[in-house]
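Visitor: Below you will find the structure I want to go over with you.
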Ligand code: NZQ
Ligand code: ZN
């Protein structure tokens, strides 16, 4: 295991009705004038936004609003939010929604005290040195942004989807009421589940030896998702399934299962180009990319893939030929994704194979260079993975 430090400073407030505590938590973490950020309508329709407003009002917290944040969030509302905060003197960002809303709030939080273009943090030109405090009320278990120090935004000019990370972006508090996710359409539930599993796999496939504890934690999250996702899809109001999925989503990405080990993240990079180009759900893109990446890299360490196959998908270990077990595990993963309604190839996702050269180019791997990870990826590797993804079928 590698050396590490770990700090997850977010206070998680979990359970039924917990959003009614929102105003109290904003006060607790120093907010007196809030910019409330939310999405395209679900939180309004469910009455959640009204309950949030009431909770803030109860604490005499002044309120300004920025709504209409779209999935795969763009830079435009970030600029709008930064201007709004500066104009009104808002001192706290409250995000009510999923990863797209939370990531927008985080980008605004970092942009307000910065004397430059917030995009500098996403292009790698500058590091985040200060940020307004952020709190979240989560409505979809998926991106894990409620517990992560990351934010992913798309620059409209060139449709570049890029991430920025800093401990300063971790939420002060995150309110997790699993009942709020009961209004999710089955497709969004499945997209979220896929993203949660992908966050674990990005950490699970490592070259770091002797990481039994985090291997086992990863497997626990994956097994939970395999069990609970079909239950939540079959019965959307199943609170217990929703509760297990919600906490799995946070644990999958607040890095408790990833410390002390090298991580990969190349499937995410390849996927971000898909969701930027086609505006598809991030989880759906991952459902197409991640098994393709697995097929391309599994020869690098068949035993690690065989371990996943046996422990997560219950495959029989073939000691004479671990590669066979590895491949059985990847097939089982793709079957699982198909079973919960996810696309498995480009056509089902709505992507076009003819765009592969463009996707590879946007990834920005320099000629002769590679992306680090479980297996280093050259531009030719990236192209091969997109090609596998384009034609994949369930077996
Ligand atoms: O806008 P509304 O009407 O709310 O609809 C949303 C949206 O259409 C809907 N929704 C959310 N909660 C709902 C609901 N519908 C009914 N009932 C509810 N309770 O779901 C749709 C998707 O929302 P979104 O916020 O986009 O989902 P998600 O949480 O999957 O976030 C995806 C974004 O997060 C990024 C992704 O790249 C993508 O841009 N990621 C962020 C990460 C991070 N910050 O750590 C890590 C991830 O790997 C990921 O890259
Ligand atoms: Zn993700």
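Visitor: Among the residues of segment 85-97, how many are in contact with a strand residue (DSSP E or B) (Cβ under 6 Å, 6 or more places away or on another chain) and either modelled with pLDDT under 95 or assigned to a helix (DSSP H, G or I) (or both)?
Guide: So the answer is 2.
Visitor: How many residues are surrounded by 14 or more Cβ atoms within 10 Å (Cβ to Cβ), touching a residue at least 24 places away in the same chain (Cβ under 8 Å) and under 18 Å from residue 140 (Cα atoms) when one looks only at segment 16-44?
Guide: To start, the set of residues in segment 16-44 that are surrounded by 14 or more Cβ atoms within 10 Å (Cβ to Cβ) comprises 18-29, 31-40, 42-44.
Filter again for touching a residue at least 24 places away in the same chain (Cβ under 8 Å), leaving 18-29, 31-40, 42-43.
Applying the additional criterion that residues be under 18 Å from residue 140 (Cα atoms) yields 18-20, 22, 36-40, 42-43.
Result for segment 16-44: 11.
Visitor: Given the conditions (1) more than 15 Å from the chain's Cα centre (by Cα); (2) over 27 Å from residue 75 (Cβ atoms), and given that residue 278 satisfies all but one, which numbered condition is not satisfied?
Guide: So residue 278 meets the others, but not (2).
Visitor: Let me ask something else about it. Of all residues in segment 142-186, which are under 30 Å from residue 235 (Cα atoms) and within 16 Å of ligand 2 (Cβ to nearest atom)?
Guide: Listed by number, the residues that qualify are 142, 143, 144, 145, 146, 147, 148.
Visitor: Filter segment 314-326 down to the residues that are in contact with a helix residue (DSSP H, G or I) (Cβ under 9 Å, 6 or more places away or on another chain) and surrounded by fewer than 19 Cβ atoms within 10 Å (Cβ to Cβ) and list them by number.
Guide: Residues satisfying the conditions are 314, 316, 317, 318, 319, 321, 323, 324.
Visitor: I'm trying to understand the selection: among the residues of segment 62-74, which are over 18 Å from the mean Cα position of the chain (by Cα) and assigned to a loop (DSSP other than H, G, I, E, B)?
Guide: 67, 68
Visitor: A further question on this structure: Could you check segment 98-212 for helices (runs of 4 or more DSSP H) lying wholly inside it with 3 or more residues that are modelled with pLDDT of 95 or more and within 9 Å of ligand 1 (Cβ to nearest atom)?
Guide: Here the list reads 99-111, 186-204.
Visitor: Going through segment 1-28 one residue at a time, which ones are part of a loop (DSSP other than H, G, I, E, B) and in contact with a strand residue (DSSP E or B) (Cβ under 6 Å, 6 or more places away or on another chain)?
Guide: At the first step, the residues of segment 1-28 found to be part of a loop (DSSP other than H, G, I, E, B) are 1-10, 15-17.
If the condition is that a residue be part of a loop (DSSP other than H, G, I, E, B) and in contact with a strand residue (DSSP E or B) (Cβ under 6 Å, 6 or more places away or on another chain), then 10 is the only one that fits.
Visitor: Among 123, 55, which is surrounded by fewer than 24 Cβ atoms within 10 Å (Cβ to Cβ) and under 27 Å from residue 182 (Cβ atoms)?
Guide: 55
Visitor: Then there is this: Being touching a residue at least 12 places away in the same chain (Cβ under 8 Å), in a helix (DSSP H, G or I) and crowded, with 21+ Cβ neighbours inside 10 Å narrows it down to one residue among 283, 258; which is it?
Guide: Details: 258 fails: in a helix (DSSP H, G or I).
Among 283, 258, only 283 is touching a residue at least 12 places away in the same chain (Cβ under 8 Å), in a helix (DSSP H, G or I) and crowded, with 21+ Cβ neighbours inside 10 Å.
Visitor: Criterion first (within 12 Å of ligand 1 (Cβ to nearest atom) and either in the same structural domain as residue 333 (by TED's automatic domain parsing) or at pLDDT 95 or above (or both)) does residue 260 satisfy it?
Guide: For residue 260, the condition - within 12 Å of ligand 1 (Cβ to nearest atom) and either in the same structural domain as residue 333 (by TED's automatic domain parsing) or at pLDDT 95 or above (or both) - is not met.
Visitor: Does segment 119-133 contain any residue that is away from ligand 2 (no atom under 15 Å from the Cβ) and under 30 Å from residue 16 (Cβ atoms)?
Guide: Yes; the residues of segment 119-133 include at least one that is away from ligand 2 (no atom under 15 Å from the Cβ) and under 30 Å from residue 16 (Cβ atoms).
Visitor: If you check residue 81 against the conditions, is it more than 30 Å from residue 240 (Cβ to Cβ), in a helix (DSSP H, G or I) and outside the structural domain of residue 246 (by TED's automatic domain parsing)?
Guide: It is true that residue 81 is more than 30 Å from residue 240 (Cβ to Cβ), in a helix (DSSP H, G or I) and outside the structural domain of residue 246 (by TED's automatic domain parsing).
Table: residues versus (1) in contact with a helix residue (DSSP H, G or I) (Cβ under 6 Å, 6 or more places away or on another chain); (2) closer than 30 Å to residue 133 by Cα.
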| site | (1), (2) |
| --- | --- |
| 175 | yes, yes |
| 242 | yes, yes |
| 256 | no, yes |
| 270 | yes, no |
| 273 | yes, yes |
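The values are calculated or read from the model by the stated rules, or taken from the named source; none is laboratory data. For clarity, every value in this text was computed on a predicted model and none was experimentally measured. Glycine also receives a Cβ, built like all others from the backbone with ideal geometry; neighbour counts cover every protein chain displayed.
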